[in-house]
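Everything on this sheet refers to the single structure shown next.
Derivation of every value follows stated rules applied to the coordinates shown; laboratory data play no part. Everything quoted here is computed from the prediction, not taken from an experiment. Please note: Cβ atoms are built from the backbone with ideal geometry, for glycine as well, and neighbour counts cover all protein chains shown.
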Amino acid sequence: LLVATMAGIFTLLRLVRGNPVAEVVSGAENIARVRPIVAASGRSGASIALLGDKQLLFHPEGDAVLMYQGSGDSMIALGDPVGNPEHFEELAWSFRELCDASDAHCVFYDISDAWLPIYIDLGLSFSRLGEEARVKLSSFDPAVSNPADPGCADDGAGLRFQVVPADRVPEIMGELKRVSDQWLAASGAHEKGFSIGFFAADYLANFDCAVLRLDGEIVAFANLWQGANLEELSVDLIRFGEAAPTDAMDYLLTRVMSWGKAAGYAWFSLGLAPLPRLEQDDAVAPLWNRLGSLVYRFGESFNSFEGLRSYEQKFNPEWEPRYLASEGGMDLPVTLLDTTDLITRGLEHEAFAANLQSH
């Protein structure tokens, strides 16, 4: 009776709401239209909309957008909507109706707890994906996070930190490509997408770029995502060449945080870290483990979830929960497979499918 009543209420709400009011835009046009929304967003993660690998669902007012992409039997939205919060609920319902019209599983990946009531109204259930580590820069002390950091722009050993403005990034694109290629080859990694940037000249040219130079040569870099009104700073791609010192990641991140603090940014986001409990042995553990390893931007450098969290913890962050909202139940393994396949750009689909079938 309860299920029948809920289904009736959901159907009635859909009839009352009518057809989706939002507009789906893809291709080059979406970058031009989404740019002012990204520029006005305080959360730095909105910058992923400029990657160009997602469909964008715009509110008719043009001041809010939801990013999504299809994968397998699912349509997966990335994060909460971006832009005017007054239009978030309408966008979420429009996406749900778009999924239903396409007979696809409705998934919201990497959402905050601020808008959970909306997703509950959509009839979705939640799985804890991990926690985002945010460092309060006003209290950030580089000497505590990285005692080896000398605390100046030039450490006297030929290693120098620099932030290259976006309009000059094309001038160093060749050097960045060399570093990126070396990092991919050394780590055995491949380019991902959707929630994580990949190396593309048009994409990187949108951002200021933090670089480490050793004797004048770029040996490491990270493109900077900068939220509006100095609310939040973070990095997307962070890559190191063959000549980079072993502690280059610590050094570069510490420098970027110090630079952000001096510029007046309130927060630095280290991105998501998966929860240790994702390693539990259950029917979907292999898929949870693989998806969990993808949510952390620097995951290739660590062998366990505990190692990832321990690394982030040394920056004394505040932890904020992040969720995956889906139809749940027996559809959850398919949802996890489709989401993982989307982030890895299909390159590991057969391995994930084998894991799923074996469980």
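Here are the numbers for the structure shown:
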read-out	value
Residues with amide H under 5 Å from that of Arg43, placed H, sequence gap 5 or more	Ala228
Sites Asp215 and Leu184 - FRET efficiency at Förster radius 30 Å, r taken between beta-carbons, to 0.05	0.80
Ordering of 187-199, 129-141 by packing [mean C-beta count within 10 Å, highest first]	129-141, 187-199
Net charge over other residues, Cβ less than 14 angstrom from the Cβ of Ala228 (K, R count +1; D, E count -1)	-1
Filter on Lys192/Lys314; Lys192/Lys261; Lys136/Lys261; Lys54/Lys192 - keep pairs with C-alpha separation over 19 Å	Lys192/Lys314; Lys192/Lys261
Sorted peptide list for 211-218, 235-242, 71-78, criterion being average Cβ within 10 angstrom, highest first	71-78, 235-242, 211-218
